[in-house]
1. Just to be sure, is B:PHE48 of a type in the set (Phe, Trp, Tyr) and either under 26 Å from A:ASN111 (Cβ atoms) or facing chain A (nearest Cβ under 10 Å) (or both)?
2. Of everything in the stretch B:86-98, what is more than 7 Å from every other protein chain (Cβ to nearest Cβ) and part of a loop (DSSP other than H, G, I, E, B)? Give them in sequence order.
3. Within the stretch A:89-99, is even one residue without any contact (Cβ under 8 Å) to a residue 24 or more places away in the chain and touching a helix residue (DSSP H, G or I) at 6+ places or on another chain (Cβ under 7 Å)?
4. For A:SER102, indicate whether it is surrounded by 15 or more Cβ atoms within 10 Å (Cβ to Cβ), over 12 Å from the mean Cα position of the chain (by Cα) and of a type in the set (Gly, Ala, Ser).
5. Kindly indicate which of B:ILE57, B:ILE116 is touching a residue at least 40 places away in the same chain (Cβ under 8 Å), in a strand (DSSP E or B) and either farther than 22 Å from A:LEU115 by Cα or within 14 Å of chain A (Cβ to nearest Cβ) (or both).
6. Write out, first by first residue and then by second, each pair whose Cβ atoms fall under 9 Å of each other, whose residues are 6+ apart or on separate chains, and whose first residue, in the stretch A:1-26, is basic (Lys, Arg) while the second is within 14 Å of DNA strand C (Cβ to nearest atom).
7. Which residues, counting only those in the stretch B:21-45, are within 14 Å of chain A (Cβ to nearest Cβ) and either over 22 Å from A:ASN113 (Cβ atoms) or near DNA strand D (Cβ under 9 Å from one of its atoms) (or both)?
2 protein chains.
Amino acid sequence: MKRRQTHSTQEILELLKAENQAMNHEMIQSKLDSQVNRATIYRVLNRFCEDGIVHKIVGDDGKQYFAFCLNCTQKKHNHNHFHFRCIQCGKVECLEKEVSISLPEGYVLENFNGLISGTCNDCT
Amino acid sequence: MKRRQTHSTQEILELLKAENQAMNHEMIQSKLDSQVNRATIYRVLNRFCEDGIVHKIVGDDGKQYFAFCLNCTQKKHNHNHFHFRCIQCGKVECLEKEVSISLPEGYVLENFNGLISGTCNDCT
DNA sequence: TATATTATTGCAACAATGTCGCATTAAAAA
DNA sequence: TTTTTAATGCGACATTGTTGCAATAATATA
């Protein structure tokens, strides 16, 4: 099953690259030039995640946010960092520093989801 | 506005104290002896959160989990720790160690939400 | 270039989560 | 016992995210 490039996939990927923040489907939809169906946006984003191009964070608002992978190679993904969500302006940005958490014996990490919400510098 | 003790509030609080894990509304509802309405459960839990008796974690499944506050005084709440959610059995437990994250200048922390999902010791 | 193949899309429908208004019930105060 | 009003149950709702299916369009093939 090979991936195909479509208008939607290209636009969404470019948007995610351009914006330096994680976005949920609504933010993405409103920023796209062409109109893309909601279901399609989710499918595109989930495919990107499967391919390791994009990573997904679930906010403390319960929504899924997607961000273009930086500093990630095909093999190794570094997503052990926190994201900061501003409750005023809604921006979700990376807090660069990697965080290491040691799990108890026998525990296997599958997904790291660190999120801090509050007020960002612009909104203080 | 004073709080009243009802069957629902008592049962829910006892359950949260007894179980040593964070639970979402569904887990709570199914473990209650008496039948309590879904909306009521949410309202009770949110009141507990307001009162600082219980804290809320949003899982990477997008659901709200509630846990009885341990080691918290009325004044000081220590919720800067991670939770571990097992994707097999659904259990959500505390990872005791406190984590300190330094935010950039001008950023104000409102809520810490650290969650790691994977497989727990029982399910490996 | 024209045709065949099939990944992708849009649409509609759906499940699930969480919230809210409102009338009713039942704690707690008088 | 009566009064006050916080809490409940019910129904309705908004929102998020997913899925089945027919139509479309990107790529491979002739």
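What follows is calculated from the coordinates using simple rules that are stated; it is not laboratory data. Small disclaimer: the values here were computed from a predicted structure and weren't measured. A quick note on method: Cβ atoms are made from the backbone with ideal geometry, for glycine too, and the neighbour counts reach across all protein chains shown.
1. On the way: of a type in the set (Phe, Trp, Tyr): yes; either under 26 Å from A:ASN111 (Cβ atoms) or facing chain A (nearest Cβ under 10 Å) (or both): no.
It is false that B:PHE48 is of a type in the set (Phe, Trp, Tyr) and either under 26 Å from A:ASN111 (Cβ atoms) or facing chain A (nearest Cβ under 10 Å) (or both).
2. B:GLN88, B:CYS89, B:GLY90, B:LYS91
3. Kept after step one, since they are without any contact (Cβ under 8 Å) to a residue 24 or more places away in the chain, are these residues of the stretch A:89-99: A:95-99.
Checking which are touching a helix residue (DSSP H, G or I) at 6+ places or on another chain (Cβ under 7 Å) leaves us with none.
Checking the stretch A:89-99: not a single residue is without any contact (Cβ under 8 Å) to a residue 24 or more places away in the chain and touching a helix residue (DSSP H, G or I) at 6+ places or on another chain (Cβ under 7 Å).
4. Values: surrounded by 15 or more Cβ atoms within 10 Å (Cβ to Cβ): no; over 12 Å from the mean Cα position of the chain (by Cα): yes; of a type in the set (Gly, Ala, Ser): yes.
Considered against the rule, which asks whether it is surrounded by 15 or more Cβ atoms within 10 Å (Cβ to Cβ), over 12 Å from the mean Cα position of the chain (by Cα) and of a type in the set (Gly, Ala, Ser), A:SER102 comes out as no.
5. Working: B:ILE116 fails: touching a residue at least 40 places away in the same chain (Cβ under 8 Å).
Matching residue, one of B:ILE57, B:ILE116: B:ILE57.
6. Correct list of pairs: A:ARG3/A:THR9; A:ARG3/A:ARG47; A:ARG3/A:ASP51.
7. B:TYR42, the sole residue that qualifies.
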